[in-house]
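Note sheet for the following structure.
Taken together, the values in this text are just the output of simple stated rules run on the coordinates, not laboratory data. The structure displayed is predicted, hence computed values, not measured ones. Heads up, the Cβs are rebuilt from the backbone with ideal geometry, glycines too, and the neighbour counts pull from every protein chain shown.
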Amino acid sequence: MAIKQYDVIIVGSGHSGGMAANILTGKGISCLMLNAGPQVDLDQDRTLKAAHELPYRGFDEPGRLPHVFQADEFNANQWVDEKEVPYTHPPDAVYNWVRVRLLGGRSLFWARQSFRLSDYEFKAADIDGSGENWPISLEDLAPFYSRVEEIFRVTGRKEGWPQFPDGNFIELNAPEDSASIKQVTAAATKRGIQVSKWRTALGKDGLASSINLLLPDALATGKLDIVQNAVVREVTVDKNTGLASGVHFVDRHSKREMHVEAKVVVLAAGCLESTRLLLNSKLANSSGVMGHYLVDQMYGVNVVASVPEARDHKATSGLMGGSAFMPRFRNLSKDKKSNFIKGYCLHIDSGGTPSPNYFPLYGEELQEKVDSYTGSCLSAGIFGERVARYENHVRINKDVVDAWGIPVLHIEARDSDNEANMRKDAANTAEELFHECGWEIIAKTDEVNPPGYSIHEVGTCRMGNDPKKSVLNKWCQSHDVKNLFVVDGASFVTAGWQNPTMTILALSMRASEHLVEEMSAGNLA
Amino acid sequence: MKRRNFVQSLLVIPAASVAAEQAPQPAPQPAPPPATPPPAHTPPLERRGPKAIKLATVEPDAGAETVTAFFTPAQFSALTRLAAVLVPPIKTNPGALDAHAPEFIDFLISCSAAPDQKLYRDGLDGLNATAKKHFHKIFADLDTKEADSIIRPLLVPRPWDREVPKDPMQHFMAQVHDDLRTATTNSAEWAAAGALTGRARFNGGRRFYWKPIDPRVGA
C-alpha cells in the first residue's frame, strides 16, 4: 500500500484539534489526526447501573484516580489512568491533572459554560501591572468568537458590560427568577455587583463536542484521516531546515513504533500534553519560558444559606430555584483597590438540599434536620483567576515514564497570597449578601480545590510579540519553528476567571486560517 | 482519603462545576429493518456462530455474606455498634446494619491506602479505649446514652467535604459517618426499599456507568 501524504498532522482531537481539522479540511488541506486513545461508542460503552451493582458500591476503587476529584465508580473509565500515564508533583503542592484520551478528549464531558475573555484579561498588565499583555485584544478575536458561538449554539443574556463581553447568542429562554434569586440580586445590585445569567453552549442533541460539531464536517470533505490509539512521543525535525518534519508515535496496544511526515505539525493535545511533547522533543524553546506560567482557575468557596420560609416542604418554585451569575466585579476601576489583583465570578444557585456534613448530628436527628432544610438552600461558589507566575511550571521528569516509555511531567503550581486574599473576599461577600437577605448561614468556607481541578489549565507555551519572552506568536505559531502551531490552551498569557473553551476554539480557528494563508503563500516550507 | 458520598447534595459541589458531566444522549435506536426473505443459501450453524445469549444473574450479596478479615474482632464490634447508632433504620429506610455496611467497609478499607487503614484502626481502638475508661466496657456494649456521650463531641460541622478535622478522632468520625451513609444508601437494600415505596431515593436510581472502554495498558 502506498504511503499517503498529508499536508498537516494534528495531534489531539478535542475542541482545539477538532476546530483545526474543521477549518483546514474546509480549505482543501489534507490532515491526519492522531489521538492517543480510542473512540467511544455512546451506545455500547455506557450502560445504566445502580451503585450497588458496581464492585465497590459506588465508592472509588481505592487508589485508582487519587487526583481526579471528579471521578467516581460510574465514570472512572472515562479518565486517563494515572498508573498508565503518571505525573509527579511535590508532596506539598498537589496538582489535579484531569485528562481524557478518548476521541474527542475533554470536549465529551465539559460543563459547557461559554464565556469570552475581555480586555480586562487580554490587557491585564496595563490594568494591574502584573505579567504581560496578550499580543491580541478582544477586537482581534471577536469575529472568531462569533463564529464559534454560532457553531456551538451559545445561549445567554446580553448585558453590554465590558468585563463580560456579549456574543452571538441564542436568546436565553429563562423562566422568571424565583423570589430568593430576586432577593439576592437586589442585595448584590445595592452593592454595585452586576448580576446576569449563565452562558451555555447548547450544542446538538445534548452534546457540544468536537465529535459531533466539528469532526463530522471535516471527515465529510474526504481530507481528514483519524488514527486512534496513536500515542505521540516526539515531533521530529528536518536537520537541514530546522523545520518540523512529522511526528513519531507508538501504537497504544501493540507498542509498534511509527513515523509520519507532513508539511505542518499542529499540536492540540491539551495544554500540558502539548507542552510535554515539545519538551520531550527539545524543540521550540529558545525563549526558555516553555513550561512556565502554568495557570488555571480557583474553583471552590462554599457559602450556603437556608431560607426559613422555604423549610419543611415549603420550597415552592416561586420562592426557590434558579441561579444568579455575577461576573467579575472586583478591580474593574483603578480607583477601587482590593488587597488582591484580578477577580472572580460569584455564582449562586437556589433550591438545594444541604449536605449532612453541615450539621454535627447523627441518626434520626440528622435525618430530620436534612429533611426540614431540603429545598430551602442557596449556595455560592466562585471561579477565581489565578495569577500566571513564572515559578508555576512543568518540566520533564526523566526518572518516571509512562506505559510507552515516554518521560512524564513534573508539575509545580502553588497559590500565592493573591489567591488567598481573593477567596477570603469571595466568601465574605457571599456571606454578607445572604445576611442582608435575612437567611441563616449554615456553611461557610473560603477553601478552594487544588490547582488543576478546574480542568482549565492553560499557559506553558504562552504567546507574545517578543520571541525572548514567549514561545508562540499571536497566531499560535512557534517563534522558532515556523511550521509548528500549538492551538490548545497552552498559548494563553492569563487565565481569566472564565471557562476557556470559547477562547481556545476561537484561537484555534484564527490560527488555522492563518496557517492556510501562510501555507498558500509558501511561507511554511 | 477520597470518597464519593452520593447522598450529598448539589450544594456540596457548585451546581455548574466543571465536572458536571453533560450527558450525551444515546443515539435513537434505528427502526428494525424490514423483513427480508431468507438468503438462498443459509450457511450451516457452525459457520454462522451462536446467537447472542444473555442469561439472568444475581449479585453475590443475594445469597452470600462478605467474609470480614481486616478489622480485629474488637474493632469490628465497635464499627458495628457505630453503624447501628449513626445510621439507624428510619421509617422505611434501611439502616447501616440492614445494608451490611460494616462488612462492606471492612472490605473497602482492607484494599485502601495505609493512611486510611490507620485512620480506621486508630479510630475504632480509640472508641473502645474511651468506652473502657469511662464505662469499663467495650464500645459495642454501650447503651445509646453512653455511646452518645462519646460520639457527639467528635462530630463537627464540615462546610467543605475535603476539609478534614485536625483532631484525629474527629477526622475518623467524619470519615466513618460519611462511609456508613454512602455504603447504606448505595446498597441493594436501600434501592429495594425505594422501589417498594415508589419514592425517588438518593442513589437507589441508576446512572450511566462507563464500561472499561479499552484495555488498560501497563497499569
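Considering only the protein assembly as shown, what is the antiparallel percent among its DSSP beta bridges, to the nearest 5?
75
Find out how many positive minus negative residues lie around A:Arg389, taking Lys and Arg as positive, Asp and Glu as negative, among other residues whose Cβ is under 13 Å from that of A:Arg389.
-4
Given N residues in region A:176-270, what is its alpha carbon radius of gyration divided by 2.2 N^0.38 Å?
Normalised Cα radius of gyration, region A:176-270: 1.93.
Starting from the Cα-Cα distance between A:Ser137 and A:Glu364, subtract it from 0.36 nm times their residue separation and give me the gain in nm to one decimal.
Full extension of this stretch gives 75.9 nm more.
Given 4 °C and 1.567 mPa s, compute D for region A:1-63 with the Stokes-Einstein relation, Rh being the Kirkwood radius over Cα pairs; round to the nearest whole µm²/s.
My calculation gives 85 µm²/s for D.
Per residue of region A:509-525, in order, report the coupling 6.51 cos²θ - 1.76 cosθ + 1.60 (Karplus, θ = phi - 60°) as ³J(HN,Hα) in whole Hz, putting x for Gly and Pro.
My calculation for region A:509-525 gives 4, 5, 5, 5, 5, 5, 4, 4, 5, 5, 5, 5, 7, x, 8, 9, 8 Hz in order.
At a Förster radius of 30 Å, what calculated FRET efficiency corresponds to the Cβ-Cβ distance of A:Ala220 and A:Glu53, to the nearest 0.05?
After rounding, the FRET efficiency stands at 0.15.
Using just the Cα positions, wrap region A:434-525 in a convex hull and report its mean projected area in square nanometres, one decimal place.
So the Cα hull casts an average projection of 8.7 nm².
Shape call for region A:41-153 from the C-alpha gyration tensor, a ≥ b ≥ c root eigenvalues: rounded (a/c under 1.5), prolate (a/b greater than b/c) or oblate?
Note, shape of region A:41-153 comes out oblate.
Among A:Lys182/A:Lys314; A:Lys83/A:Lys398; B:Lys118/B:Lys145, which pairs are too far apart, with a Cα-Cα distance over 20 Å?
Checking Cα-Cα distances, B:Lys118/B:Lys145 exceed 20 Å.
By the gyration tensor of its Cα atoms, with a ≥ b ≥ c the square roots of the eigenvalues, what is the shape of region B:75-140: rounded for a/c under 1.5, prolate for a/b over b/c, or oblate?
oblate
Please report, in debye to the nearest 20, how large the charge dipole of chain A is about its Cα centre when each Lys and Arg carries +1 at its beta carbon and each Asp and Glu carries -1 there.
My answer is approximately 1100 debye.
Excluding same-chain residues fewer than 8 positions from A:Lys223, which lysines have a Cα within less than 22 Å of its Cα?
Output for A:Lys223: A:Lys4, A:Lys27, A:Lys263.
Which distance in nm do the two modelled labels at B:Arg121 and A:Lys314 give, with both placed 7 Å along the Cα-to-Cβ direction?
Placing both labels 7 Å along Cα→Cβ, they lie 5.3 nm apart.
Quick one: which residues, 5+ away or cross-chain, put their amide H under 5 Å from the amide H of A:Met33? H built at 1.01 Å from N.
Here A:Ile10, A:Asp225, A:Ile226, A:Val227 satisfy the definition.
So, R0 is 56 Å and r is the distance between the beta-carbons of B:His134 and A:Glu391; what FRET efficiency does that work out to, to 0.05?
0.60
Say a paramagnetic label sat at a point 7 Å from the Cα of A:His248, along Cα to Cβ; which residues of region A:276-295 have their backbone N under 12 Å from it?
A:280-282
Roughly how far apart, in whole Å, are the Cα centres of region A:100-144 and region A:10-63?
Going from one Cα centre to the other spans 23 Å.
Using a ≥ b ≥ c from the Cα gyration tensor of region A:392-483 (square roots of the eigenvalues), is it rounded, prolate or oblate, where a/c under 1.5 gives rounded and otherwise the larger of a/b and b/c decides, a/b for prolate?
prolate
For the protein assembly as shown, what is the mean residue ellipticity at 222 nm derived from helices alone (per DSSP H run of n ≥ 4: -39500 (n - 2.57); sum divided by total residues; nearest 500 deg cm²/dmol)?
So the helix-based figure for the protein assembly as shown works out to -8500 deg cm²/dmol.
Count the net charge of all other residues whose Cβ sits under 15 Å from the Cβ of B:Asn128, scoring Lys and Arg as +1 and Asp and Glu as -1.
+1
For a Förster distance of 45 Å, can you work out the FRET efficiency between the beta-carbons of A:Ser520 and A:Val401, rounded to the nearest 0.05?
0.65
Taking the Cα centre of region A:51-178 as the origin and placing charges on Cβ (Lys, Arg +1; Asp, Glu -1), which of A:Thr155, A:Leu117, A:Trp97 is farthest toward the positive end of the dipole?
Projecting each Cα onto the dipole axis, the largest value belongs to A:Trp97.
If you stretched the chain out fully between A:Asn428 and A:Ser146, how much longer would it get, using 0.36 nm times the residue separation minus the C-alpha to C-alpha distance?
Extending this stretch completely gives an extra 97.9 nm.
Putting +1 on Lys and Arg Cβ atoms and -1 on Asp and Glu Cβ atoms, find which of A:Gly375, A:Leu346, B:Pro159 reaches farthest to the positive end of the dipole of the protein assembly as shown.
Looking along the dipole axis, the top candidate is A:Leu346.
Report the percentage of all Cα-Cα pairs in chain A whose separation exceeds 39 Å, rounded to a whole percent.
Here the long-distance tail beyond 39 Å is 26 percent of all Cα pairs in chain A.
Return the sequence-ordered ³J(HN,Hα) values of region B:60-68 in whole Hz as given by the Karplus equation 6.51 cos²θ - 1.76 cosθ + 1.60 applied to θ = phi - 60°, using x for Gly and Pro.
Coupling constants for region B:60-68: x, 5, 4, x, 9, 10, 5, 7, 7 Hz.
What ranking, highest mean first, results for peptides A:220-232, A:162-174 when packing means the other Cβ atoms within 10 Å averaged over each residue?
The most tightly packed comes first, giving A:220-232, A:162-174.
Test of understanding: what is the full-extension gain from A:Lys468 to A:Ala93, defined as 0.36 nm times their sequence separation minus their Cα-Cα distance?
Length gained, A:Lys468 through A:Ala93: 132.1 nm.
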